[in-house]
Each structure stands twice: as C-alpha cells, then as structure tokens.
Amino acid sequence: MESTAKKEHVAALLKKGVLVSPDFVEQADASIKPGEDLLILDSEANKLLSKKEKNVNWREIEKIRVMYEKGKASLPSIEDIAPVSDENKLKDTQIIASYKTAPQKIDISHFVGYFNTRYRLIEGLLRGRPELQNLLSVIRLKNRAVPSNASIIGIVNEKRETKNKNFIVTLEDSTGQQKVVINKNRADLYNEARELVTDEVVGVSGSYRQGVMFANSIVFPDIPLLELKKSPKEEYLAGMSDLHFGSKQFMPDEFNRFLSWVNLEAGNRKQKEIAEKLKYILIAGDIVDGIGVYNNQYSELSIHDLKEQYDACAKALSEIPEHISIVISPGNHDAVRMPEPQPPLDNKFTQKLVKLKNVLLVSNPAMVKIGAKEGFSGFNCLLYHGYSFDYYVANVDAIRLKGGYERADLIMKFLLKRRHLAPSHTSTLINPSPDHDALFIEPVPDFFITGHIHRTSVSNYKSTTLINGSCWQSMTSFQERLGHNPQPARLPLINLKTRDANIINFGK
Ligand SMILES: [Fe+2]
Ligand SMILES: [Fe+2]
C-alpha cells in the first residue's frame, strides 16, 4: 500500500478505537476490516483477518495472550503437542491419550483453533440432549417476533447478580450474545447458576420474550450415568500423588513404611492381602519438589539438584516389585514446562526414572486403560495433577463455602460435570493445539486420579471413582500461605472386582 493510503487507513482504525502495532503498519492492507470488538491490530491479527477467520473472540485472545506472556518466564520453550502411541513398555496398560512435545512457534491462530475446537467438542455433547427442546442459534432466537419456548447453547461470557439477587448470564455462540435471567425463587436453578464460571459452555432452555430469555433449566455437558464397571479378577489400584522428593518436608519414614508394606514386610493380615493383589499404582504429579517453584523454596530443600531429586525418587520406586505397574504423570513442581498438557517426564533429569522397567511416563493430563482381560474391556483412568483446582476453590462458592481445599471431591465433580479440566480459560496455563483439546474429558473415566491439594479423598460421582492421592510431604510455608491442610502418607486403594475403597495410613 502507498504510504499516504497506509496513513489514512491507520488513522481510520485509530478513530474507531483500534490500537495499531508497528508490525501491522508494515503489512497494512486497506481491504482488511476488523470486527467491532477488536482492540489491537498487529501482524498476528492481520494474518487471521486476511484469512477471513470467522468467530474470532478477540477479547478472549487478548486475555489469554496476556496470561501467556505473564507465564513466559517459566516456559522453557513453546511446543506443539501430539498423541503418544508407541512408547508403552507395560503390557497390562494401554495409553489412550498422552501428549509429547515438539518445538513449534505458537501464534494467535493456535489459540483461535483451540477455542473453536473446545467449543465444538462441548457443544457436540449438548446438541441433541432431550432437555434442550427447540434448540436455536442466538441469532435465530432473536428473530423470534412472538414469545416462545426455546433452548440455546453458548459460552458463559459474563455472570452478574442483580440488586434483586437474580442472576443475569450472558451466553455467546458464533452468531451473537443472549442475556439469560435466572430467578432467585427457583432454588435448584439458582444454585446451578451460582456455580457457573466464565468461559464454560452450557445449554439453557427457557422462555424468550422481548429480547430476554428466562431460564427453566441449565444443561451441563456432564458425564452419563453408566453401569459401574467391575473386573472379573480381584486386583487393586492405588492412587498416589505429590511425593515431593527433595523437600525437607518429604516424609522418608512414612514412605519407607509404604515400601515395606508393598513388599509384604509390614501391615496387618488384611493389609498384606491387599498388597499381594496390588497391580497398579497411578501417580498424578509433583514427583519431586523441584527447584525455584516458589519464593524461598531453596531453603526448604534437602536435595538442591533437580536430577538428584529424580534419582532419589527412582531409587525409592525401584523397591516396588516389578509385577506392579506404575504410571506417572507430572505436576507443577516437576521438570517440564507449566502449560498443559505437560509432556511426560522423559528428559535429562529423569533418566533413572525412565529406566525403571515397570514405570510408564505419561503427560498431564493423560488417559490410560488398565485391567483389560479376555471378556473385560478394562478401566479408563484419567490422571490430572490439578493445577486448575486453586481457581475453582477461590471462585466457586459451592466449593469454597463447603470446605474449599478440603473438598477434592467437589472440585472433581465440578470438572466432570463440565467435561473439562479447566473450563475457565484463566484457571490454568494452556499450550494450545489448534485442532485438539487435551483438557476435554473424553472418554468418560472409570477412575479420575488427581493431586496438587495434598488431600486424601475417595468418592464416587455417577459411575466414576474420584481419588485425590494424598501426599508424602508435611506442610511447607508455601502451603501454609495458600491455606492448604495436607493429609499426608495415606494410600487410597480400590478393589477392582468390587470397587470398594480402602485407605491405608502410613503415618505415625
Ligand atoms: Fe504438590
Ligand atoms: Fe502441585
């Protein structure tokens, strides 16, 4: 473009309130017309506009970019993700989803693709649900001239409480935004609306009149109620997390008691019977304490070298009999990048762990299948460390007021109901794949194993068993500041034939 024309074009954009970056000016194209909600034009935005990308939520993109930039200091590199299918050395465990990385520059189109994919996946679960009668797009709803009953699906753009204590929720789909009123006198509905968080995707059915929708029901993607799967063979699964090797607060005596038990050298008769039948140990992250994870952590470490922390962990895990399969996914203290999905712990720090014959390293999150036998399809196990949990404890009253960090069960149920491990974009750091959402919960897990909040919890939601895997670290100053109340040195165990739960306490 000629420089005068370029200047005029930029001036016109500025007049509309659109900020223009220097790299956009370089490539400015007068044929490009930004949407009404665009705030900043730069070369990345330019690319999308020139591709005529539809349904770009610019405000969301800016929000995520700011969040991503803030976290940049802790990112070793920007990576792509791809499913792992060929790295399983365990015969009795099948990888359904695990994500490894390859270096690739992330640009704005990855985020756009990611948000569109995420929306499409959840919308796909909601579409066709019998509760959503007369399902319309927002624009078609708005075209209704007479009051009518209808349903819409949308992403929660905003939620606010009115002076009269009703909720007004703004739902958005690719065709527009619609305000939905939730009346405080509808107790069940009101409680569900209290739990709604920004960015989650839900369906609403109700009556539409004069531009407003009055909700009769909120429909969550949720997991279906399936028959409780039981193995034909009596075997046990243990859910663990948060070993924190290398921390001064790591509990060696308690962990050694666990190792003695697993080698049938300790415990009462019943406990030894369980140890004999223990077949799987699934560990959901924070294998070591790491280095520099929080301010002043260094003075709270007993091992000050990351590789030595993993060596100590590998040495301890090598004492677990080889017939027991161990699946390990990383957490926020581990030696991999923070944005999720975090890749498997296979790097220069973890080589001794990699060499253990009965250890399978998977990403966070990951889905593995265990216990399959002739005539039995096995159990789907979802491992997720739980970095997003902090956000929901702080922002969802239905969790915060019922115990917060002490209610791992409520947090996990909340996420299963939304079929997503981080339904609010800001609840975790995401490494976006343009055509895949690793945090979308599919297939429905039989076991959902988490950690991070250092609680011991076993509960059921529909046909899924929810486990938070305790920890092997007493309270650190960091946890004290976060308001955690750890329950260390306990091991949740599930009998796969009966689905009964046991918790063994290896504390003093
Ligand atoms: Fe932890
Ligand atoms: Fe953690």
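Taking the criterion of being touching a Lys or Arg at 6+ places or on another chain (Cβ under 9 Å), among the small types (Gly, Ala, Ser) and away from ligand 1 (no atom under 16 Å from the Cβ), would at least one residue in the range 242-261 satisfy it?
No: zero hits.
Does Asp435 satisfy the condition of being more than 16 Å from ligand 1 (Cβ to nearest atom), over 20 Å from Pro344 (Cβ atoms) and of a type in the set (Asp, Glu)?
Details: more than 16 Å from ligand 1 (Cβ to nearest atom): yes; over 20 Å from Pro344 (Cβ atoms): yes; of a type in the set (Asp, Glu): yes.
Yes: the conditions hold for Asp435.
For the range 462-474, which residues satisfy the criterion of being touching a Leu at 6+ places or on another chain (Cβ under 6 Å) and open to solvent by 20 Å² or more (accessible area, probe 1.4 Å)?
The answer is Lys462, and nothing else.
Is there a residue in the range 454-463 that is on the phi > 0 side of the Ramachandran plot and away from ligand 1 (no atom under 14 Å from the Cβ)? So that I can check it myself, show each step before the final result.
Pass one, the range 454-463, residues on the phi > 0 side of the Ramachandran plot: 454, 462.
Retained after the next criterion (residues that are away from ligand 1 (no atom under 14 Å from the Cβ)): 462.
Taking every residue of the range 454-463 in turn, at least one turns out to be on the phi > 0 side of the Ramachandran plot and away from ligand 1 (no atom under 14 Å from the Cβ).
Quick check on Arg419: is it open to solvent by 40 Å² or more (accessible area, probe 1.4 Å) and either modelled with pLDDT of 95 or more or under 9 Å from the mean Cα position of the chain (by Cα) (or both)?
The answer is no for Arg419.
For residues that are closer than 19 Å to Gln479 by Cα and either of a type in the set (Gly, Ala, Ser) or not assigned by TED's automatic domain parsing to the domain that holds Gly451 (or both), scanning just the range 382-415, find the one that is nearest to ligand 2 (Cβ to nearest atom).
Gly386
Would you please list the contacts, defined by Cβ atoms under 7 Å and residues six or more apart or on different chains, that run from a residue in the range 120-132 that is open to solvent by less than 80 Å² (accessible area, probe 1.4 Å) to a residue that is assigned to a helix (DSSP H, G or I)?
Taking only residues 6 or more apart or on different chains, the pairs are Leu132/Leu126.
Is the range 437-451 home to any residue that is among the β-branched types (Val, Ile, Thr) and more than 15 Å from ligand 2 (Cβ to nearest atom)? Spell out the reasoning first.
If we filter the range 437-451 for residues that are among the β-branched types (Val, Ile, Thr), which is where we start, we get 441, 444, 449-450.
Going one step further and asking which of them are more than 15 Å from ligand 2 (Cβ to nearest atom), we end up with 441, 444.
Within the range 437-451 (the criterion being among the β-branched types (Val, Ile, Thr) and more than 15 Å from ligand 2 (Cβ to nearest atom)), the answer is yes, since at least one residue qualifies.
Using beta carbons and a limit of 9 Å, which pairs, at least six apart or on different chains, have the first residue in the range 307-329 and closer than 22 Å to Asn364 by Cα and not assigned by TED's automatic domain parsing to the domain that holds Asp286 and the second one open to solvent by less than 10 Å² (accessible area, probe 1.4 Å) and modelled with pLDDT of 95 or more?
none
Would you be able to tell me the number of residues in the range 329-357 that are open to solvent by 10 Å² or more (accessible area, probe 1.4 Å), away from ligand 1 (no atom under 16 Å from the Cβ) and touching a Lys or Arg at 6+ places or on another chain (Cβ under 9 Å)?
Number satisfying all stated conditions: 8.
Across the range 475-489, which residue is surrounded by the most Cβ atoms within 10 Å (Cβ to Cβ) among those that are more than 12 Å from ligand 1 (Cβ to nearest atom) and in a loop (DSSP other than H, G, I, E, B)?
Once the filter is applied, the top-ranked residue is Ala489.
Return the residue satisfying two criteria in turn: it lies in the range 439-453 and is away from ligand 1 (no atom under 16 Å from the Cβ) and among the aliphatic types (A, V, I, L, M), and of such residues it is nearest to Pro341 (Cα to Cα).
Leu439
So Ser377 passes all but one of these: (1) farther than 20 Å from Glu192 by Cα; (2) more than 16 Å from ligand 1 (Cβ to nearest atom); (3) in contact with a helix residue (DSSP H, G or I) (Cβ under 6 Å, 6 or more places away or on another chain). Which condition number does it fail?
Failed condition: (3).
State all residues of the range 445-457 that are open to solvent by 10 Å² or more (accessible area, probe 1.4 Å) and part of a loop (DSSP other than H, G, I, E, B); if no residue qualifies, say none.
Within the range 445-457, Asp446, His452, Arg455 meet the criteria.
Being within 16 Å of ligand 2 (Cβ to nearest atom), in contact (Cβ under 8 Å) with a residue 12 or more places away in the chain and buried (at least 20 other Cβ atoms within 10 Å of the Cβ): is that true of Leu360 here?
Here the answer is no, as Leu360 does not meet what is asked.
Among the residues of the range 308-328, are any of a type in the set (A, V, I, L, M, F, W, C), within 16 Å of ligand 2 (Cβ to nearest atom) and assigned to a helix (DSSP H, G or I)?
Scanning the range 308-328 turns up at least one residue that is of a type in the set (A, V, I, L, M, F, W, C), within 16 Å of ligand 2 (Cβ to nearest atom) and assigned to a helix (DSSP H, G or I).
Could you list, in sequence order, all residues of the range 145-158 that are open to solvent by 20 Å² or more (accessible area, probe 1.4 Å), part of a strand (DSSP E or B) and either in contact with a His (Cβ under 9 Å, 6 or more places away or on another chain) or not small (Gly, Ala, Ser) (or both)?
Residues satisfying the conditions are Asn149, Ile155, Asn157, Glu158.
When the range 284-307 is examined, which residues are found to be open to solvent by 60 Å² or more (accessible area, probe 1.4 Å) and part of a loop (DSSP other than H, G, I, E, B)? Write out each step before concluding.
Residues of the range 284-307 open to solvent by 60 Å² or more (accessible area, probe 1.4 Å): 291-292, 295-296, 298-299, 302, 304-305, 307.
Listed by number, the residues that qualify are Ile291, Gly292, Asn295, Asn296, Ser302, His304, Asp305.
The values are calculated or read from the model by the stated rules, or taken from the named source; none is laboratory data. Small disclaimer: the values here were computed from a predicted structure and weren't measured. For neighbour counting, all protein chains shown are included, and Cβ atoms are generated from backbone atoms with ideal geometry for every residue, glycine included. Ligands, DNA and RNA are excluded from the accessible area calculation, which covers all protein heavy atoms including side chains. Shrake-Rupley method; radii C 1.70, N 1.55, O 1.52, S 1.80 Å.
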